Amino acid sequence: MKRLDSALLGGAQTTVVGATLVGEQAAVFAAGDSRAYLVPSDGRVKLLAERSSKSRLGSGEAHPVVDRVPLQRRDVLVLLSDGAWGPLGLPGIERAVRGAPARHFSEVPQAILDAASRRGCADDMTAVALRLIQ
Amino acid sequence: MSTRYESRQVSPPQPGPTGIQHSGSGPPRRDKGRGFFNALTAAANGMNGTSNATQGEGFKVWIYTPEEGVCQVSFEAAREYRVLSRDDLPTEDLADVIRVVAYPDTPTEVGAAGMLQQSSAAHVVIRDARKREAIQPIEKRTVIKGGRPLPAALSPRIVTHMLRQLGQSEHAMRVECYGQTRPQEGRQVTQNQDGHVIGRAPFSWAAVFDGAGNAQTVARRAASLLETWLAEALSGRSCATKPSFAG
């Protein structure tokens, strides 16, 4: 992340939120105001890497935060830019993700963006959804 | 994997100073098939009072880790009031192997199929829970009890690190990952300042970027750089040997 911060230094800046999945554990990293949420198969939705700094990559001041979270099957990890999470908030994200099981999992990002759009599409919006299956 | 057998002799575990025999790791593995067969036989006897079935309890398997091998040597040293040092330990007791002792079922009555002193344990392998893989022993030994070889008993040695690989593919998790991006109302798709990337091998990862100001391409550039560096790190072409997100 520091390397990426340096590589983009002097140009336009960007936020980042990402996750790597190794086994049944996810490492979630974030810099800027993009966010990661864990929607467990049972339980309440949780914001991850919430201590991330507001500094974006390319500012030379980004301090990415890494959270390691155990994942269970059917837990859903969603990565959202501020255009997507801003209008929804925690309840809206949870509704959009939990309402998707009737459809294919590939429709979860679309469901989130549709829900956010209904509340006004004032920014670009991106959603990525991951889950373990076996 | 090459399989090499050596013909050597080992003794079964001896009683410790308290007279309690050191009993290997966990409960003995018993022959469930034989137990089921015995139950059927008993049921049949109850019905007609006769049976041609061979009597026996089936084989038993004990597993000894290197630690238990050392414990056994220390028990023997304590029994003889000897001071045990590391030099007293046989090198093979410190090896990274587990020892399996399979006590076979050796029926003493002839059954319909003429099964007298026939072993029910012919070979020992360790398999994963789904029975898709099998680890072969690196050597087989004869078990000596009371100065005589135990009929058809087996004591194969299996390298421990192979156990760690057993069933790894079984535990590999499959990941489902999808993403979508949408430009702000009134903007063209090419003016979208967000970007995302999804990597699928050798492990799954994904990232979302949100460029600022006129940076409609910065998200894509960051995603491209991250993907390239991860690929380099994983292939060993970069100074980093493993991807690190800790900064």
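Quickly run through region B:175-220 and pick out the residues that are surrounded by 18 or more Cβ atoms within 10 Å (Cβ to Cβ), at pLDDT below 75 and either more than 7 Å from every other protein chain (Cβ to nearest Cβ) or on the phi > 0 side of the Ramachandran plot (or both).
B:216, B:220, listed by residue number.
Suppose we filter A:65, A:39, A:108, A:128 for residues that are in contact (Cβ under 8 Å) with a residue 24 or more places away in the chain, more than 11 Å from every other protein chain (Cβ to nearest Cβ) and open to solvent by less than 50 Å² (accessible area, probe 1.4 Å); which single one remains?
A:39
Which members of region A:1-26 meet the condition of being of a type in the set (Gly, Ala, Ser), over 28 Å from residue A:132 (Cα atoms) and facing chain B (nearest Cβ under 7 Å)?
We begin by selecting, within region A:1-26, every residue of a type in the set (Gly, Ala, Ser); these are A:6-7, A:10-12, A:18-19, A:23, A:26.
Subsequent filtering for residues that are over 28 Å from residue A:132 (Cα atoms) retains A:6-7, A:10-12.
A:7, A:11, A:12 - these are the residues of region A:1-26 that are of a type in the set (Gly, Ala, Ser), over 28 Å from residue A:132 (Cα atoms) and facing chain B (nearest Cβ under 7 Å).
Can you pull out every residue in region B:64-88 that is open to solvent by less than 50 Å² (accessible area, probe 1.4 Å), within 26 Å of residue B:124 (Cα to Cα) and either free of Cβ contacts under 8 Å to residues at least 60 places away in the same chain or not in a helix (DSSP H, G or I) (or both)?
Of everything in region B:64-88, those that are open to solvent by less than 50 Å² (accessible area, probe 1.4 Å), within 26 Å of residue B:124 (Cα to Cα) and either free of Cβ contacts under 8 Å to residues at least 60 places away in the same chain or not in a helix (DSSP H, G or I) (or both) turn out to be B:64, B:65, B:68, B:69, B:70, B:71, B:72, B:73.
Going by what's in this entry, would residue A:97 be described as touching a strand residue (DSSP E or B) at 6+ places or on another chain (Cβ under 6 Å), in a helix (DSSP H, G or I), at the interface with chain B (Cβ under 7 Å from one of its Cβ atoms) and touching a residue at least 24 places away in the same chain (Cβ under 8 Å)? First the steps, then the outcome.
Numbers: touching a strand residue (DSSP E or B) at 6+ places or on another chain (Cβ under 6 Å): yes; in a helix (DSSP H, G or I): yes; at the interface with chain B (Cβ under 7 Å from one of its Cβ atoms): no; touching a residue at least 24 places away in the same chain (Cβ under 8 Å): yes.
No; evaluated as a whole, the condition is false for this residue.
The values are calculated or read from the model by the stated rules, or taken from the named source; none is laboratory data. Quick caveat: nothing in here was measured; it's all calculated off a predicted structure. Note that each Cβ is placed from the backbone with ideal geometry, even for glycine, and that neighbours are counted across all protein chains shown. With ligands, DNA and RNA removed, areas are computed over all heavy atoms of the protein, side chains included. Shrake-Rupley method; radii C 1.70, N 1.55, O 1.52, S 1.80 Å.
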